[in-house]
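Everything on this sheet refers to the single structure shown next.
The values are calculated or read from the model by the stated rules, or taken from the named source; none is laboratory data. Bear in mind that the values here come from a model prediction, so they are computed numbers and not experimental data. We place every Cβ from the backbone using ideal geometry, glycine too, and count neighbours over all the protein chains shown. Side chains are part of the model used for accessible areas, which takes the heavy atoms of the whole protein and leaves out ligands, DNA and RNA. Shrake-Rupley method; radii C 1.70, N 1.55, O 1.52, S 1.80 Å.
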Amino acid sequence: MYQRPLDEIELDEGPRFSLLPRALDAVLGRLLIPQQISLLHGTGRGPLTALAHLAAVCAAKKKTGRSFFLDAASNYSPALARTLCGSSDAPEVLGRIAVGRLLSLSDLRQAASDLAAMTDVRIVVIDSLTSVLNMSGGPSSAGRQRELFRTFQELRAMVNKTGTHVLMTDHSSLDWTSGQPSPIGGNIVAHNVDSVVRIGRLDARDDLVSIFVERCTLTQPPKGVIISITSKGIRGFK
């Protein structure tokens, strides 16, 4: 049987939908690659949840696929999703966002197993991993860490099979050694995601949010961007 050389195979490395505004798409949007898992972390819940909603809405605007928003902290807001949609076909777009509730890592593994049987899912948003962990045992306990490892195995198997992207939000804690914020979940999280992005508010203005790519799989990774997040939506900032 003829086998094609690896250098003749065209890999689908580009995102299958775009984010708005364009300045955000040029940074965060480039990381939403099929068959990958990305992590947004920060100390403020509001910007993380807003970006989670935006990703779900923008993916749902593509009429050939659906978004899944797995909510672990009662954060999903139809009103916020409608605002971010910003178009006359908002009811149709929002109808392509399926919302599920997560109460534990076991729920997340079951969701990954169910999603593995689907073929029309553009993105799976998990908001937030911290809340799932808080409902799944004591911090850094051996049992919870084993469950977390098993959960990432299920998520990886799901994205490999379906070609979707998983975007999860996570709370930050300060690293005792470096003093830098790092995602809750430790090495298991760090070693099982493809992209890590730090989200933070600027002291100058409450609405300004910095987005900094800490690591990703791109050969020429984007650096970062500053955007404005308000009750009226998400906009670029000059």
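Values computed for the structure shown
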{"item": "Residue list for the range 205-237, restricted to those being farther than 28 Å from residue 79 by Cβ and either out of contact with any strand residue (DSSP E or B) (no Cβ under 8 Å at 6 or more places or on another chain) or surrounded by fewer than 16 Cβ atoms within 10 Å (Cβ to Cβ) (or both)", "result": "215, 217, 218, 219, 220, 221, 223, 224"}
{"item": "Residue among 15, 34 that is part of a loop (DSSP other than H, G, I, E, B), at pLDDT 95 or above and under 15 Å from residue 195 (Cβ atoms)", "result": "34"}
{"item": "Candidates 122, 144, 109 - the one that is basic (Lys, Arg) and within 16 Å of the chain's Cα centre (by Cα)", "result": "122"}
{"item": "Count of the range 147-181 residues which are among the aromatic types (Phe, Trp, Tyr) and either part of a strand (DSSP E or B) or open to solvent by less than 60 Å² (accessible area, probe 1.4 Å) (or both)", "result": "1"}
{"item": "Test for residue 155: is it in contact (Cβ under 8 Å) with a residue 60 or more places away in the chain and within 28 Å of residue 84 (Cα to Cα)", "result": "yes"}
{"item": "Residue tally, condition surrounded by fewer than 22 Cβ atoms within 10 Å (Cβ to Cβ) and under 26 Å from residue 17 (Cα atoms), over the range 111-143", "result": "9"}
{"item": "Complete set of residues in the range 109-120 that are modelled with pLDDT of 95 or more and in contact with a strand residue (DSSP E or B) (Cβ under 7 Å, 6 or more places away or on another chain)", "result": "111, 115"}
{"item": "Tally of residues being open to solvent by 30 Å² or more (accessible area, probe 1.4 Å), closer than 26 Å to residue 171 by Cβ and of a type outside the set (A, V, I, L, M) across the range 69-96", "result": "6"}
